[in-house]
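Undergrad: Following this message is one structure expressed as structure tokens.
The values are calculated or read from the model by the stated rules, or taken from the named source; none is laboratory data. On a predicted model such as this, the values are computed, not experimentally measured, just so you know. Using ideal geometry, Cβ is built from the backbone for each residue, glycine included, and neighbour counts are taken over all protein chains shown.
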Amino acid sequence: MTFDATWKLGAAWSYNFTPAVAFNGLIDFVGPEGTHGFGNKTKIEALSIVKVMADTGILSSGKSNGLLVGAGLEYWRHKFGNDPAKNPSGTTKETTPMLMAEYHF
């Protein structure tokens, strides 16, 4: 299977509310990629992931221990470029809340 060349526009950010708590995220837009495996034309898709993460070490002892915990949300519209009008479920949207953990070493 092959897809047409297309464009992609994206941004990512990280904003520290405090030394221990940060707001991070990304957003991507991908243009139509031609037709997918079922022969339907693809649509512009949008993916956004946002999260608030806290450094457990700074919160507990004032010194980072590399373990971050937090919550996030993933929103994906026209997932994989699918058209909701041609999808048996009637939607191509995903909204997923997440509990997250990261370890930095």
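Undergrad: Identify all residues within segment 33-64 that are of a type in the set (D, E, K, R) and not in a strand (DSSP E or B); write none if there are none.
TA: Listed by number, the residues that qualify are 33, 43, 63.
Undergrad: Next up: Answer with yes or no whether residue 85 is small (Gly, Ala, Ser), at pLDDT below 95 and part of a helix (DSSP H, G or I).
TA: Yes: the conditions hold for residue 85.
Undergrad: In addition: Anything in segment 15-69 that is of a type in the set (Val, Ile, Thr), more than 18 Å from residue 83 (Cα to Cα) and touching an Asp or Glu at 6+ places or on another chain (Cβ under 6 Å)? List them, or say none. It would help to see each step written out before you state the result.
TA: Within segment 15-69, the first condition is being of a type in the set (Val, Ile, Thr), and the residues that meet it are 18, 21, 27, 30, 35, 42, 44, 49-50, 52, 56, 58, 69.
Cutting the leftovers down to more than 18 Å from residue 83 (Cα to Cα) gives us 18, 21, 27, 49-50, 52, 56, 58, 69.
Within segment 15-69, just 49 meets the criteria.
Undergrad: Tell me, which residue of segment 70-99 that is under 30 Å from residue 59 (Cβ atoms) and surrounded by 14 or more Cβ atoms within 10 Å (Cβ to Cβ) is farthest from the chain's Cα centre (by Cα)?
TA: Of all residues in segment 70-99, those under 30 Å from residue 59 (Cβ atoms) come to 70-75, 95-99.
Keeping just the survivors that are surrounded by 14 or more Cβ atoms within 10 Å (Cβ to Cβ) gives 70, 72-75.
Details: 70: 15, 72: 9, 73: 8, 74: 5, 75: 6 Å.
Checked segment 70-99; the qualifying residue farthest from the chain's Cα centre (by Cα) is 70.
Undergrad: Within segment 4-27, how many residues turn out to be in a strand (DSSP E or B) and either touching a Ser or Thr at 6+ places or on another chain (Cβ under 8 Å) or modelled with pLDDT under 95 (or both)?
TA: Matching residues across segment 4-27 total 6.
Undergrad: Examine segment 38-52 for a residue that is in contact with a helix residue (DSSP H, G or I) (Cβ under 8 Å, 6 or more places away or on another chain), of a type outside the set (D, E, K, R), surrounded by 15 or more Cβ atoms within 10 Å (Cβ to Cβ) and on the phi > 0 side of the Ramachandran plot, and state whether such a residue exists.
TA: Looking through segment 38-52, none of the residues is in contact with a helix residue (DSSP H, G or I) (Cβ under 8 Å, 6 or more places away or on another chain), of a type outside the set (D, E, K, R), surrounded by 15 or more Cβ atoms within 10 Å (Cβ to Cβ) and on the phi > 0 side of the Ramachandran plot.
Undergrad: Which one of these is of a type in the set (S, T, N, Q) and closer than 27 Å to residue 8 by Cα: 56, 91?
TA: Numbers: 56 fails: closer than 27 Å to residue 8 by Cα.
Going through 56, 91 in turn, the sole match is 91.
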